[in-house]
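Notes follow the structure.
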Amino acid sequence: MLQVEGLNKTYASHGRPLRAVKDVSVSLRPGETLGLVGESGSGKTTFARLLLGLVAPDEGGSIELEGKALAPRLASRSEDQVKAVQIVFQNPDSALNRSHSIRHILSRALKRLGGLSGKALDARLEELVRSVRLTDRHLAVKPRQLSGGLKQRVAIARAFAGDPRIVVCDEPTSALDVSVQAAILNLLADLQSKQDVSYIFISHDLGVVRYLSDKIAVLYLGRIMEFGPSEAVFSGPHHPYTEALLSAVPKLDRTESSRIRLDGEIPSAANPPTGCVFHTRCPRKIGAICETQEPELLEAQPGHTIRCHIPYAELARLQKPEVVEPA
Amino acid sequence: MVFLGGQVLPGNVGRAILGPFADQRAVDALNHSLGVDRPLLVQYGTWIWNFLHGDMGTSYIFRAPVAPFVIDALGNSMKLALVAFVLVVPIGILGGVIAALNLNRPLDRIISLGGLSVTVLPEFVTGIILILVFGVWLRWLPIAAAWPKGAGVLTQLYYLILPSLPLFLVLFGYIARMARSGMIEALDSDYTRTAVLKGLPWRTVIWRHVLRNALLPTITVIATQTGYLIGGLVVIETLFRYQGIGSLIFTAARGKDFPMLEAGILTIGIVYAVATLVADFLYSVLNPRIRLGAEQ
Amino acid sequence: MSATDTPAALPAPDTARRSPWGEVLHSLLRSGTFLTGLAILLFWVVCALFGEHFVPYDPLDADIINTLAPPSADHWFGTDQLGRDVFSRVIVGSRDILTVAPLATILATIAGTALGLVIGYFRGIVDDIVSRVLEAFMAIPVVIIALLAIVALGTSKATVIVVIGLSFAPIIARTVRSAVLAERELDYVAAAKLRHEGALHTMFVEILPNVIPPILVETTVRLGYAIFAVATLSFMGFGIQPPSPDWGLSISNNYGMIGGGFWWTVLFDAMAIASLVIGVNLVADGVHGAFND
Ligand SMILES: Nc1ncnc2c1ncn2[C@@H]1O[C@H](COP(=O)(O)OP(=O)(O)OP(=O)(O)O)[C@@H](O)[C@H]1O
Ligand code: SF4
Ligand SMILES: [Mg+2]
């Protein structure tokens, strides 16, 4: 249903080009969830904004939704296309206009995205509010009178106002208390099971992504390092970067696990390392080739691609002992 | 910095200032059947060209070349401004430093609040009150800045004190405020702490800081308040019947003496541009941070 | 909160919390600066509105046998060169300046807000050009602009309002612009784009309510300067015109004679201007403080 081909975005930062997103291709079917993981600055938000049309991508590349091309700029997309792709922003304080009441915020969305007015709008508003488990009491107030979790529910309701095909969730729980994170994730899962909506779920937390995603794309400095079905990415063999990220996920017993850690700072996207962009921090680096030649994104197994000079079989061999190692 | 530089380019300011009276020139040209056939732009061109060569046109009222009047008036205004500056810079800095050293004590309150109050008052209001106090009641100072012909420097100075006081008061507020905050920051800095720990006498520490932290704000004040100061001159020179550039413009405006008006305004524009550039330059020389920023 | 949360488990909205405006009002009412300034301002507003009903004399009535009389029980502030009662003139003299200056400020606020919203929202070349022009424009003293405009357009209250209003508009525009530049990066603006909202809706319905505080602060500050400017222009003869008992105008008519010791003809007007200007500045200071803590 969604088909993204060779998307690029170059920002100008202090007069120098900064490739925030480089040659990203992904695909998504109805009702599926694509998890997008990567450290801060890896280009996750930029990718989301490209998809939404909030920033214009570089020349070339394409986005197709249900077989029709999506214009790079939001202004040139049709009403239906605008409705179809919505977002739940990371920070509900920034996402909800602090001067407007919740009723105003949601009604406006229903009017513009749902094309509703009058009685129909009120009825749908009622339904929408209930679907995110808010009540009438929450409508009359301004955002600042609600807790972070409640605000995020409003933001979710707004994203669903026009029956979207795709909802981008940009770290929707990272600004929230740990205690309400699970409830928000459950709400999202619940909404998905009732409507045939696809998610693009952005997080730097692999644990969260694993809980929701059907497919996972791992980003590093704007490049896809690994892309594939959730199970394949998690069970391995995986890209050395994914391996490192996984080793940073706390295990259930809460002991600091794993041998592999990510050392050092993430390099600047304005000045990425030569060759494989991960070579400055890669624990599995195999030599000069990693520093001089950028590896291709190769299909390891059907639907599972990895960008690394180490052949797939070799990766499997290297990572095998770690998998059986007790935490 | 770059922005300020672009903004004060003489051509820019000149155009900005000349813009508003394109109409008058047209009307004026019609009235006097002068250069009606020439396009406005050419008129400006010739006029500016002549201006830069010292020919500022002929006054309608005085039926004499404008240039001597303007030059004379500019000299007088500069005397006035100079007296005000010479008085206000040390006293303003001193006031700010005293306020900072007595932070949040009554003396600080008085200096800060007093400085702020006089800054917001129109110059002619402080001027009138000063005239009443020093000129009319105490009879210490002459109430008009018209000294006898051929008076010496000291006599002129004596006549200039009262007119310079309103300017002094306006600037005092700004300079004292900036010196105060600069000083507070300096007193709080690591440098001061180490210097005091090293046993340097207070006096030395303070003086070093005063020079560094009070000079920069003063220059900023000059840079940002020049335009305002010129506006103030128009008022004060009128109030004290002083033959400066401000009263020249005022008289020309009232008498619709356009060549005089234009020459006066362009002169002010140039003075403004030069003052801003000089202040900008001094600032960048004195402030290493800005200099670094400019190189990037 | 667990996966089984129900509406009952969700926290209710916190309706007890004071709104930001309530917060501001609360701190205003506890600010001595603001209250002092407000008292002064209100005093002059009352004088401007009702002064003519309670002053002892008609401020325009000349009394040729009783000119330049010093203050006395009959004439608290003395009389001027036409024998008019200075006290009555000072009280009623607040009217014109308190009409012209606020109107100029309102004009400046409306024009400046619209301009600031547009250049802040669209940025780009429009912003660059307009900002440059505004900076250059702001460098010219208001008195000079006014002088030129009034020579060109003639003296009238409307001219004064327009001249001061338009010369202050860029300053307000600059304030609004920088507030808008920060606002437009917030996600609610992106959300508006994702609803295909027009630029006008985004600027005026989404962004404007959030930039009201800096506008209010700047407007009160500008009111102080507008009073300053109107008084100065009147003093220069380019502002409020005779026979108004306006303060600046009165000073302009009488200061020529202070060498003769007739201090009462100018002192009270000067004090009136000073008190009004300081009063408005105190209010502005209080408003600024209330919005910034
Ligand atoms: N408007 C912009 N102009 C210039 N550079 C930008 C801009 N927006 C983002 N960048 C740069 O692009 C890169 C990717 O940023 P992006 O916000 O997409 O990362 P992210 O993966 O969402 O990070 P985070 O986890 O912190 O949200 C970063 O290096 C960032 O500095
Ligand atoms: S290409 Fe080399 S540096 Fe890059 S991930 Fe593979 S092994 Fe590591
Ligand atoms: Mg992000």
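The values are calculated or read from the model by the stated rules, or taken from the named source; none is laboratory data. Predicted, not measured: the structure shown is a model, and the values here were computed from it. We place every Cβ from the backbone using ideal geometry, glycine too, and count neighbours over all the protein chains shown. To get the accessible areas, we keep the full protein, side chains included, count just its heavy atoms, and leave off ligands, DNA and RNA. Shrake-Rupley method; radii C 1.70, N 1.55, O 1.52, S 1.80 Å.
Numerical summary
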{"item": "Residue ID - surrounded by the fewest Cβ atoms within 10 Å (Cβ to Cβ), chosen from residues in region C:215-232 that are more than 12 Å from chain B (Cβ to nearest Cβ) and under 14 Å from C:Leu282 (Cβ atoms)", "result": "C:Val217"}
{"item": "Selection within region B:102-122 - outside any loop (DSSP other than H, G, I, E, B), out of contact with any helix residue (DSSP H, G or I) (no Cβ under 8 Å at 6 or more places or on another chain) and more than 18 Å from C:Val280 (Cβ to Cβ)", "result": "B:Pro106, B:Arg109, B:Ile110"}
{"item": "Those residues of region B:127-148 which are more than 8 Å from chain C (Cβ to nearest Cβ) and assigned to a helix (DSSP H, G or I), in sequence order", "result": "B:Gly127, B:Leu130, B:Val133, B:Phe134"}
{"item": "Tabulated pairs, region A:266-293, first aromatic (Phe, Trp, Tyr), second more than 16 Å from ligand 3 (Cβ to nearest atom), C-beta under 8 angstrom, 6+ apart or interchain", "result": "A:Phe278/A:Met225; A:Phe278/A:Pro240; A:Phe278/A:Tyr241"}
{"item": "Selected residue (only one of A:Tyr199, A:Tyr211 is aromatic (Phe, Trp, Tyr) and assigned to a helix (DSSP H, G or I))", "result": "A:Tyr211"}
{"item": "Residues within region A:297-310 that are near ligand 2 (Cβ under 10 Å from one of its atoms) and either open to solvent by 70 Å² or more (accessible area, probe 1.4 Å) or not in a strand (DSSP E or B) (or both), tallied", "result": "3"}
{"item": "Listing of strands (runs of 3 or more DSSP E) fully contained in region A:11-102 that carry 3 or more residues being out of contact with any His (no Cβ under 9 Å at 6 or more places or on another chain) and either within 16 Å of ligand 3 (Cβ to nearest atom) or within 14 Å of chain C (Cβ to nearest Cβ) (or both)", "result": "A:16-28, A:33-37, A:85-88"}
{"item": "Test result for C:Ile91, over 18 Å from the mean Cα position of the chain (by Cα), among the β-branched types (Val, Ile, Thr) and at pLDDT below 90", "result": "no"}
{"item": "Verdict on A:Ala157 being more than 7 Å from chain C (Cβ to nearest Cβ) and modelled with pLDDT of 95 or more", "result": "yes"}
{"item": "Matching entry among C:Phe238, C:Phe268 (being open to solvent by 20 Å² or more (accessible area, probe 1.4 Å) and more than 14 Å from chain A (Cβ to nearest Cβ))", "result": "C:Phe268"}
{"item": "Top-ranked residue of region C:18-44 - restricted to ones that are surrounded by fewer than 17 Cβ atoms within 10 Å (Cβ to Cβ) and among the hydrophobic types (A, V, I, L, M, F, W, C), ranked as nearest to the other protein chains (Cβ to nearest Cβ)", "result": "C:Trp21"}
{"item": "Condition broken by A:Ser101, with the remaining ones in (1) open to solvent by 10 Å² or more (accessible area, probe 1.4 Å); (2) under 16 Å from the mean Cα position of the chain (by Cα) satisfied", "result": "(2)"}
{"item": "Pair list, Cβ under 7 Å, 6 or more apart: region C:271-293 residue without any contact (Cβ under 8 Å) to a residue 24 or more places away in the chain, other residue assigned to a helix (DSSP H, G or I) and buried (at least 21 other Cβ atoms within 10 Å of the Cβ)", "result": "C:Ala274/B:Val125"}
{"item": "Failed criterion for B:Leu121 (all others in (1) facing chain C (nearest Cβ under 9 Å); (2) of a type outside the set (S, T, N, Q); (3) farther than 20 Å from B:Val88 by Cα hold)", "result": "(3)"}
{"item": "Residue under evaluation A:Phe47, criteria (1) within 11 Å of ligand 1 (Cβ to nearest atom); (2) over 26 Å from A:Gln152 (Cβ atoms); (3) open to solvent by less than 10 Å² (accessible area, probe 1.4 Å), criterion not met", "result": "(2)"}
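Rundown of residues vs (1) more than 23 Å from A:Ile216 (Cβ to Cβ); (2) at pLDDT 90 or above, yes/no style:
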{"position": "A:Ala244", "(1), (2)": "no, no"}
{"position": "A:Asp253", "(1), (2)": "yes, no"}
{"position": "A:Glu265", "(1), (2)": "yes, no"}
{"position": "A:Asn271", "(1), (2)": "yes, no"}
{"position": "A:Glu291", "(1), (2)": "yes, yes"}
{"position": "A:Leu297", "(1), (2)": "no, yes"}
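Yes or no, residue by residue, for (1) surrounded by 22 or more Cβ atoms within 10 Å (Cβ to Cβ); (2) more than 10 Å from chain C (Cβ to nearest Cβ):
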{"position": "A:Arg130", "(1), (2)": "no, no"}
{"position": "A:Arg133", "(1), (2)": "no, no"}
{"position": "A:Gly148", "(1), (2)": "no, yes"}
{"position": "A:Val167", "(1), (2)": "yes, yes"}
